[in-house]
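> The structure is given below, and queries will be raised subsequently.
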Amino acid sequence: MNTDTKEHWEKIFASKAENEVSWFQPYPKTSVEFLDLFSLPAEANIIDIGGGDSHLVDVLIEKGYKNIYVLDISSNALERAKQRLGDKATRVHWIVSDITEFVPDVHFDFWHDRAAFHFLTTEEKIDKYIALAEKAINKNGYLILGTFSEQGPAKCSGLEVKQYSEASMSYRFEKNFKRIKCITEEHVTPFDTTQNFLFCSFQKL
């Protein structure tokens, strides 16, 4: 694991409240709309990549999903989510891992990633992520990716990010996935600034 990256995120989640980071959403509206689009059964394996202390897991529990996984490089982030959920946290599989080093023991029907993929800025790491998604997502399973668009920020939390267009993101995944739908979204941060996101959904071939 890249210890510098891990230390960076552990420090962020140890020192800032959830509404003191730019990506905070009280309700993950766009992610939930994509989830609802696919009418997944309650037994579906669902993973939130870089989920941190996102509130998507709260919605998944509320909707009755039984096989929920949340992965983040920061144990501090996941501990905050557990504390917020209380007893409900026992319904979730919590995974502390760098996504490029993750070795899943199940296959997933729904893979969600809002703002983790764009922190991978080298071809090696991007290729590792794509290879993992290709292997870990079931046939006909869904991949939802949210990244900064080409009109979005070039950095986040002091780190460089890779911006994507609909074409450049689709190109990365075209070998084993069919693109379903892409949208752009203006995310309003807790500091009343806006960040332009691109969300694309894909289905595994």
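Every number here is computed from the coordinates shown, using simple stated rules; none is lab data. No experiment lies behind these values; they were computed from the predicted model shown. Note: ideal-geometry Cβ built from the backbone for every residue, glycine included; neighbour counts use all protein chains shown.
> Taking the Cα centre of the stretch 41-204 as the origin, how large is its charge dipole in debye, to the nearest 20, when only Lys and Arg (+1) and Asp and Glu (-1) carry charge on their Cβ atoms?
Computed about the Cα centre, the dipole is about 420 debye.
> Now, a different point. What is the set of long-range amide H partners of Ile180 at a cut-off below 5 Å, with H atoms built 1.01 Å from backbone N?
HN-HN under 5 Å from Ile180: Ser201, Phe202, Gln203.
> Separate question: Can you divide the C-alpha Rg of the stretch 41-204 by 2.2 N^0.38 Å and report the result to two decimal places?
After normalising by residue count via 2.2 N^0.38 Å, the value is 1.01.
> Using the Cβ atoms and a cut-off under 11 Å, what net charge is assigned to the surroundings of Lys66, where Lys and Arg are +1 and Asp and Glu are -1?
Around Lys66, the surrounding residues sum to +1.
> Based on other C-beta atoms within 10 Å, arrange Trp9, Trp94 from fewest to most.
Exposure proxy ranking, most exposed first: Trp94, Trp9.
> Can you work out the Karplus-derived ³J(HN,Hα) for every residue in the stretch 155-172? Use 6.51 cos²θ - 1.76 cosθ + 1.60 with θ = phi - 60°, whole Hz, and x for glycine or proline.
9, 8, 6, x, 10, 5, 10, 10, 7, 10, 9, 4, 5, 5, 6, 4, 4, 4
> Tell me the net charge near Ala81. Cut-off is 11 Å between Cβ atoms, Ala81 excluded, with +1 for each Lys or Arg and -1 for each Asp or Glu.
-2
> Check each of the trypsin sites (Lys or Arg not before Pro) in the stretch 147-205 and keep only those in coil by DSSP with at most 12 other C-beta atoms within 10 angstrom; list them in order.
Filter output for the stretch 147-205: Lys175.
> Also, quick follow-up: With the crude spin-label approximation of a point 7 Å out along Cα→Cβ, what separation in nm comes out for Lys88 versus Ala17?
Here the modelled spin labels are 2.1 nm apart.
> OK, next. Count charges around Ser39 for me, please; just the other residues with Cβ under 12 Å from its Cβ, Lys/Arg as +1, Asp/Glu as -1.
Neighbour charge sum, excluding Ser39 itself: -1.
> Residues with amide H under 5 Å of His93's amide H, sequence separation 5 or more or different chain, H placed in the peptide plane at 1.01 Å from N; which?
Residues meeting the criterion, in which the H sits 1.01 Å from N, are Ile68, Tyr69, Val70.
> Something else: Determine, for Phe197, Phe191, Phe24, the number of other Cβ atoms within 10 Å of each Cβ, and report the residues in order from fewest to most.
Phe191, Phe24, Phe197
> I've got another one for you. Using helices alone, what [θ] at 222 nm do you get for the chain, with -39,500 (n - 2.57) per DSSP H run of 4 or more residues, divided over all residues and rounded to the nearest 500?
Rounded to the nearest 500, the figure is -9000 deg cm²/dmol.
> Convert each backbone phi in the stretch 101-109 into a coupling constant with the Karplus relation 6.51 cos²θ - 1.76 cosθ + 1.60 (shift: θ = phi - 60°), then list the ³J(HN,Hα) values in order as whole Hz, x for Gly and Pro.
For the stretch 101-109, the Karplus curve yields 10, 6, 10, x, 10, 9, 9, 10, 9 Hz.
> Also, I was wondering about something else. Determine ³J(HN,Hα), in whole Hz, for all residues of the stretch 179-195 in sequence, where each value follows from phi through the Karplus function 6.51 cos²θ - 1.76 cosθ + 1.60 and θ = phi - 60°; x replaces Gly and Pro.
Couplings: 6, 9, 7, 10, 9, 10, 9, 8, 7, 8, 6, x, 9, 6, 9, 10, 10 Hz.
> Contour minus end-to-end for Lys6 and Thr184, with contour as 0.36 nm per residue of separation and end-to-end as the Cα-Cα distance?
61.2 nm
> How would you rank Ser39, Ser54, Ser165, going from fewest to most other Cβ atoms within 10 Å of each one's own Cβ?
Ranking Ser39, Ser54, Ser165 by Cβ neighbours within 10 Å, fewest first, gives Ser39, Ser165, Ser54.
> Pick from Asp127, Asp36, Asp113: which is most flexible by mean-square fluctuation in a GNM of the chain where alpha carbon atoms under 10 Å apart are linked?
Asp36
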